[in-house]
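Trainee: Here it is, the structure in full.
Quick note: the coordinates plus some simple rules give every number you see, no bench work behind them. On a predicted model such as this, the values are computed, not experimentally measured, just so you know. No Cβ is skipped: glycine too gets one built from the backbone with ideal geometry, and neighbour counts run over all protein chains shown.
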Amino acid sequence: MIRLFEIRMEITESPELLHGRCEKLLGCRLKSVKLVKRAIDARHKSDMFYSCTVDCEPEGQIRPAGRVKFRSTDDAEYAFPKLEPSGKIVIVGSGPAGLFSALMLARQGFCPTVLERGGEARERAAAVKRFFDEGKLDENTNIQFGEGGAGTFSDGKLNTGINDMRIRAVLKEFVRFGAPEDILIDAAPHIGTDILRSVVKNMRNEIISLGGRFLFNTALSDIMLEGGALRGIRIKKIADAAEADMECDALILAIGHSGRDTMRMLYKRGLAMEQKPFSIGVRIEHKQKLISDAMYGSFSKVLPPAPYKLWTHLDDGSSLYTFCMCPGGFVVNAASERGGVVTNGMSNNAREGENANSALLVNVSGLGGGAVFAGMELQEKLEKKAFAAGGGGYFAPVQTLGDFLAGKPSSRLGNVEPTIKPGYTLGSISDVLPEDICSVLRRGIVKLDKRLKGFCAPDAVLTAPETRSSSPVRVIRDRETLKTNIDGLFSAGEGGGHAGGITSSAVDGIRIAEAAGAFLSDRFSH
């Protein structure tokens, strides 16, 4: 098999035309041609095209014509190691890390139990709608907690900066459970929150069919230790706070970055943790048409809504960057605690919304002399300030970009209508975020306009705060064995500070499933 790189395909061309083009480039007939990856090359607005990676199976000797980038490929498929199922394993959390851990272990016959403090997908969608419509927050079933984790109510972006052979396996599993096949070839794949809800439900059903079980609306309230090793756990039913002990030989924590009460309990029980750098900022909204026209020019009429990814470094060493950009999406109130407001971004698969939005983030580190929960405490403080600035009722504070740069509160909007629900209050972002963060935002936004024309539009809208792009705490684990300092307890995904997104969390969940499964197999084989 030969892999060809940087093969040009016109924006309106059919992929079927790649067969003849690749035959000319390789100078031989081809048995098969498979599109592996495509990315929009938008460097020149008057000449945009797809840059493709293609796998070809030649019938005879290849005779490359001109300068062609290619190599032989026999990429190995990921296979979960064969293990001897034994012991009782519990997984806390049903986000990407928890679901993929459970799926891989269930296929090996381990029959995992998954605890989820929130509700299943349908119940969760109803709770989120009630919050958006009426401002009634359920602290356990919301945008952060519930089946599928925080990523289920997001854009469903699957691109990641890690390099791991498990990535392809994760994408294939998503397709198997209902995601569009395009995610296997797009350079910036996404699923969308509307499809993700069905995907995670389908994953749950397969895990159950293999002997696993799910306990929704059930939280981990304590762990029981003996001689530094896990001996059991205590669970709590959300409905009536009734507690019960559960046998557990191995525990996988996949609690996400918002399980603050669980993290504090685990720290008291001696789980080794450390403060981790994280980011603070705002959500910025523009008209999607402005973004698409700036990115694609005349091609914006035939291409999907344009995404962007921007960053800039300032003279004082600080930096500003965009994160989790949602084309045609919505800013969402991702609150999970009473009296707090926090923003995130979400979009459906079609990305049909009128606005584009993205997080604008500033790095934060070294707080409180390195105290483990100093970052978490700052998050909580800013989210409460945002609740107060919004006037209560989970309304979010909003300011136009022009007023923010001018240093004056907003009293009216321009052409961009904020999308956050249950509502917003015009005012000043400076009432919520520290001045050093606001200073980086003001200076950095102006520089980002040089990278994306129109980014600094005065009627763009800022909504605060974006505080939970990543966990401010890291659970310490061994690099090789992935074990924590508590024998039998494993930490996976974003909550432990080991991943940052759907795909990387899923990959980390698989890695921890391998480690926890091997731990149990070894323990019970002696």
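Trainee: For a Förster distance of 30 Å, can you work out the FRET efficiency between the beta-carbons of HIS313 and ALA188, rounded to the nearest 0.05?
Mentor: So the FRET efficiency works out to roughly 0.80.
Trainee: Oh, and also: If you take the charge dipole of segment 262-316 about its Cα centre, with +1 on Lys and Arg Cβ and -1 on Asp and Glu Cβ, which of TYR308, ILE284, MET265 is farthest toward its positive end?
Mentor: About the Cα centre, the residue reaching furthest to the positive side is MET265.
Trainee: Where does the chain land at 222 nm, in deg cm²/dmol rounded to the nearest 500, when only DSSP H runs of n ≥ 4 count, each adding -39500 (n - 2.57), divided by all residues?
Mentor: -8500 deg cm²/dmol
Trainee: Using only alpha-carbon positions, what ratio does the radius of gyration of segment 201-324 give when scaled by 2.2 N^0.38 Å?
Mentor: This ratio for segment 201-324 stands at 1.68.
Trainee: Across segment 106-236, how many lysine pairs separated by 8 or more positions, or lying on different chains, have Cα atoms within less than 25 Å?
Mentor: Value for segment 106-236: 8.
Trainee: Now a separate question. Nearest 20 debye, what's the magnitude of the dipole of segment 1-89 about its Cα centre given +1 on Lys and Arg Cβ and -1 on Asp and Glu Cβ?
Mentor: Result for segment 1-89 is approximately 240 debye, rounded to the nearest 20.
Trainee: Pick out, from LEU25, TYR50, MET9, the residue whose Cα sits farthest towards the positive end of the charge dipole of segment 2-72, with +1 on the Cβ of Lys and Arg and -1 on the Cβ of Asp and Glu.
Mentor: Projecting each Cα onto the dipole axis, the largest value belongs to LEU25.
Trainee: Just in segment 1-71: which trypsin sites (Lys or Arg not before Pro) are loop by DSSP and have at most 12 other Cβ atoms within 10 Å?
Mentor: Numbers: sites: ARG3, ARG8, ARG21, LYS24, ARG29, LYS31, LYS34, LYS37, ARG38, ARG43, LYS45, ARG67, LYS69, ARG71; in loops: ARG29, ARG43, LYS45, ARG67.
Here the sparse-neighbourhood loop sites are ARG29, ARG43, ARG67.
Trainee: Suppose every K and R has +1 on its Cβ and every D and E has -1 on its Cβ; what is the size of the dipole of the chain about the Cα centre, in Debye to the nearest 20? Intermediate results must be reported in sequence, preceding the final value.
Mentor: On the way: 68 positive and 64 negative charges, 163 e Å.
Dipole about the Cα centre, nearest 20: 780 debye.
Trainee: Would you work out which of GLY109, TYR78, ILE89 lies farthest towards the positive end of the dipole of segment 67-165? Charges go on Cβ: Lys and Arg +1, Asp and Glu -1.
Mentor: Going by the Cα projections, it comes out as TYR78.
Trainee: Just the Cα atoms of segment 353-490: what Rg and Dmax do they give in Å?
Mentor: Using the Cα atoms of segment 353-490, the pair Rg, Dmax is 18.2, 57 Å.
Trainee: In cubic angstrom, how much convex hull volume per residue do the alpha carbon atoms of segment 2-72 span?
Mentor: Convex hull volume per residue, Cα atoms: 83 Å³.
Trainee: Using alpha carbon coordinates only, what is the Rg to Rh ratio of segment 100-195, with Rh defined as the Kirkwood radius?
Mentor: Radius of gyration relative to Kirkwood radius: 1.02.
Trainee: In nm, what is the difference between 0.36 nm times the number of residues separating GLU480 and THR73 and their Cα-Cα distance?
Mentor: Result for the pair: 143.7 nm of gain on full extension.
Trainee: I would also like to ask the following. 7 Å from Cα along Cα→Cβ at both ALA244 and ALA39: what's the point-to-point distance in nm?
Mentor: Once both label points are built, they end up 5.1 nm from each other.
Trainee: Report the net charge of residues surrounding THR141, where surrounding means a beta-carbon distance below 12 angstrom and charges are Lys +1, Arg +1, Asp -1, Glu -1.
Mentor: Charge balance near THR141 sits at 0.
Trainee: If each residue of separation counts as 0.36 nm, what is the full-extension length gain between ALA350 and GLU16 once their alpha-carbon separation is subtracted? Don't skip to the end; give the middle numbers.
Mentor: Details: separation 334, 0.36 × 334 = 120.24 nm, distance 2.40 nm.
Between ALA350 and GLU16, full extension yields an extra 117.8 nm.
Trainee: Using 7 Å Cα-to-Cβ label points, what is the GLN61/SER525 separation (nm, one decimal)?
Mentor: Once both label points are built, they end up 5.0 nm from each other.
Trainee: At a Förster radius of 30 Å, what calculated FRET efficiency corresponds to the Cβ-Cβ distance of ARG130 and VAL175, to the nearest 0.05? Could you put the intermediate results ahead of the total?
Mentor: Values: r = 32 Å, r/R0 = 1.06.
The computed FRET efficiency comes out at 0.40.
Trainee: Which of the trypsin sites (Lys or Arg not before Pro) found in segment 326-418 are in a DSSP loop and have at most 16 neighbouring Cβ atoms, other than their own, within 10 Å?
Mentor: Working: sites: ARG338, ARG351, LYS381, LYS384, LYS385, ARG412; in loops: ARG338, ARG351, ARG412.
Here the trypsin sites (Lys or Arg not before Pro) that fit, given the DSSP loop and packing criteria, are ARG338, ARG412.
Trainee: Of the GluC sites (Glu not before Pro) in segment 393-491, which ones lie in a loop per DSSP and count no more than 10 other C-beta atoms within 10 Å?
Mentor: Those that pass, being in a loop and sparsely packed, are GLU480.
Trainee: Could you state the per residue volume, in Å³, of the convex hull enclosing the Cα atoms of segment 277-466?
Mentor: Convex hull volume per residue, Cα atoms: 112 Å³.
Trainee: Something else: Taking 0.36 nm per intervening residue step and subtracting the Cα-Cα distance, what contour gain separates ASP487 from ARG122 on full extension?
Mentor: 127.8 nm
Trainee: Efficiency by 1/(1 + (r/R0)^6): what FRET value for LYS31 and GLU274, r their Cβ-Cβ distance, R0 = 56 Å, to the nearest 0.05?
Mentor: The pair LYS31/GLU274 has a calculated efficiency of 0.55.
Trainee: Straight distance only, please: which lysines reach the Cα of LYS450 with their own Cα at less than 19 Å, same-chain residues fewer than 8 apart left out?
Mentor: LYS450 reaches LYS45, LYS287, LYS289, LYS309.
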